[in-house]
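The values are calculated or read from the model by the stated rules, or taken from the named source; none is laboratory data. Not measured: the values here are computed from a predicted model. No Cβ is skipped: glycine too gets one built from the backbone with ideal geometry, and neighbour counts run over all protein chains shown.
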Amino acid sequence: MTSLLRPLARAAVLLLVLSVPAVGQAPVFDYDRLRTETAQRLSEYIRINTSNPPGNELATARWLQEVLAKEGIEGQILDTAELGPGRANFYARLKGNGSGKAIALVHHMDVVPAAREFWSVDPFAGLIKDGYVWGRGALDMKGQGIMQLMAVLAIKRSGMPLSRDIVFIGNADEESDGLGSRVFVERHRDLLADVEYVLTEGGDVRVEKGKVRWFGLGVGEKQVYWQKLVVKGKASHGSVPTPDNPVPHLARVLARIAAWETPVRLTPAVDRFFKAQAMAETGQRRRWLQGAAAALRSPKGRAWILSEPERNALLRNTISPTVLVGSNKTNTIPAEASAELDIRLLPDQDTLSFRRELLRVIADTSVTLSQIGDIPRRFSAPLDTELARVIERTASRLVPGAPFATAVGAGASDRPYYASAGITCYGIDPYLVELEDARRQSHGNDERISLENLELGLRMHLGILEEMQEAR
Ligand SMILES: [Zn+2]
């Protein structure tokens, strides 16, 4: 994926470069004004406390509706009955001429709760100071929601002709059960019928010591496939042991599962992801990451690649035994013992064939295996689409020199719901935040985003949306 710039797009990039004020022309968008407005809007948005639970997304949906209405864009507050009191999804659409398919910008309106005592500022005051907007959601993901909103507003104001409609969606409840996006996708297939792409969070941009190690496009995530194991026995007194104690029985089963080395499989997305990571390494390590397929065949290369838990998790289905329940009394043998397994499957893994393998490893027909929660939905996007290419070009223009990676996530997002409606989904994190800061602030304390990053994210969205209007 090196020289994918089509001549037309190359010309468009050149035109964009030529249209900066340096050659005496006014830029299409006034980014100084837009940056200030973006920060103010984000501050207002943060002030509406949507900590989940309880969520309270109806208030943000009303606010979004009001902001868009002032610019002549009609928004809809949806699913209030299905989501419960104080909750809602939000939907709006900027109409084009209908010649191309729509692109949906999706964000979640809820945030995780904040422990005020650990913050140096009020997490819901939307403070703008020292070049940052502070507050819960600044990174995850009200900041990005506002970049999307401002991109819609800037395009509307500019009168840019659109071949593709731009859809703007705010979902409830991403930080808990994903009920918002699930209900939205189930109930509003009509609104999504012409949507070709969803663009949302989950891209993985790695910045360490001021250096952008890679800019990631999220193309897939592992499937959550939680299971419960139950072993039945006979309840009796612990002072008189019998062979029917389910606790040692379960322990033997768990030992077999824990010892199971699931097969290692390199998917094309992860292969590309490792190639981007290779740029930050030197010598042998660089060669191993550049040619992961070959490295995985050599004992040394394989041991090194798998030694890093995050890399290991991207190369295989993983099983973490977590919850364990036997007796609650030392002197009582229980009637049953159970364990829960946090299983994460590769994005393209067939669940039934994995289940067969797991049952083979368990090798004990008296054990029952049952699923916890929903049937997993797959999210594994194609790597070679118009939108993926446009994002790559836009990222390399705005973050020059950063290797472009196709990132696969070990965690879960709302994207599988949209993917289940036949939409190609991607994730981007359009801001540059040091790894340590991102880990400490996102879901942690003193979450904040710089004004430079708000501008970068806005430029990225506008760049992508602008270029996608030419693409078919
Ligand atoms: Zn999020």
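Annotations for the structure displayed:
- Close contacts from segment 407-420, counting a first residue that is more than 15 Å from PHE273 (Cβ to Cβ) and a second that is part of a helix (DSSP H, G or I) and of a type in the set (D, E, K, R), with Cβ to Cβ under 7 Å and a gap of 6+ residues or different chains, come to TYR417/ARG182.
- Condition check for PRO376 on (1) at pLDDT 95 or above; (2) surrounded by 18 or more Cβ atoms within 10 Å (Cβ to Cβ): one failure, at (1).
- From the options VAL264, VAL219, VAL198, residue that is more than 16 Å from the ligand (Cβ to nearest atom) and not in a loop (DSSP other than H, G, I, E, B): VAL219
- Segment 281-340, residues that are of a type outside the set (S, T, N, Q) and closer than 16 Å to LEU229 by Cβ: ILE319, PRO321, VAL323, LEU324, VAL325, GLY326, PRO334, ALA335, GLU336, ALA337, ALA339, GLU340
- Check on ASP244, acidic (Asp, Glu) and touching a residue at least 40 places away in the same chain (Cβ under 8 Å): yes
- Restricting attention to segment 207-216, the residues that are among the basic types (Lys, Arg) and within 16 Å of the ligand (Cβ to nearest atom) total 0.
- Any pair with Cβ under 8 angstrom, 6 or more apart, that starts in segment 439-452 at a residue that is closer than 20 Å to GLU117 by Cα and ends at one that is among the basic types (Lys, Arg): GLN441/ARG448; ASP446/ARG440; GLU447/ARG136
- Considered as a group, the residues in segment 116-128 that are touching a residue at least 24 places away in the same chain (Cβ under 8 Å) and outside any loop (DSSP other than H, G, I, E, B) include one that is farthest from the ligand (Cβ to nearest atom), and that residue is ILE128.
- Some residue of segment 306-314 being buried (at least 16 other Cβ atoms within 10 Å of the Cβ) and touching a residue at least 60 places away in the same chain (Cβ under 8 Å): yes
- GLY238 within 28 Å of PRO382 (Cα to Cα) and of a type outside the set (D, E, K, R): no
- Residue within segment 419-440 that is closer than 23 Å to ARG213 by Cβ and among the polar types (S, T, N, Q) present: no
- For segment 144-179, the candidate set comprises residues that are within 15 Å of the ligand (Cβ to nearest atom) and part of a loop (DSSP other than H, G, I, E, B); within that set, the residue that is surrounded by the most Cβ atoms within 10 Å (Cβ to Cβ) is ALA172.
- Of all residues in segment 224-271, those satisfying the criterion of being farther than 30 Å from SER413 by Cα and touching a Leu at 6+ places or on another chain (Cβ under 8 Å) are VAL231, LEU250, VAL253.
- Taken over segment 96-115, the criterion of being more than 16 Å from the ligand (Cβ to nearest atom) and closer than 13 Å to GLN441 by Cα is satisfied by ALA115 alone.
- Flag set for ASP204, criterion: within 14 Å of the ligand (Cβ to nearest atom), surrounded by fewer than 21 Cβ atoms within 10 Å (Cβ to Cβ) and either on the phi < 0 side of the Ramachandran plot or not hydroxyl-bearing (Ser, Thr, Tyr) (or both).
- All conditions in (1) touching a residue at least 24 places away in the same chain (Cβ under 8 Å); (2) farther than 28 Å from ASP32 by Cα hold for THR200, with the sole exception of (2).
- All conditions in (1) within 28 Å of PRO268 (Cβ to Cβ); (2) within 16 Å of the ligand (Cβ to nearest atom) hold for LEU398, with the sole exception of (2).
- At least 3 residues being at pLDDT below 95 and more than 23 Å from the chain's Cα centre (by Cα) is the threshold, and among the helices (runs of 4 or more DSSP H) wholly inside segment 272-343 not one reaches it.
- A count restricted to segment 129-143 and to residues that are away from the ligand (no atom under 16 Å from the Cβ) and either touching a residue at least 40 places away in the same chain (Cβ under 8 Å) or in contact with a strand residue (DSSP E or B) (Cβ under 8 Å, 6 or more places away or on another chain) (or both) stands at 4.
- Residue satisfying condition, being surrounded by fewer than 21 Cβ atoms within 10 Å (Cβ to Cβ), among the basic types (Lys, Arg) and at pLDDT 95 or above, within set ARG397, ARG439: ARG397
- Unique match (being of a type in the set (Asp, Glu) and modelled with pLDDT under 95) among ASP414, ASP429, ASP446: ASP414
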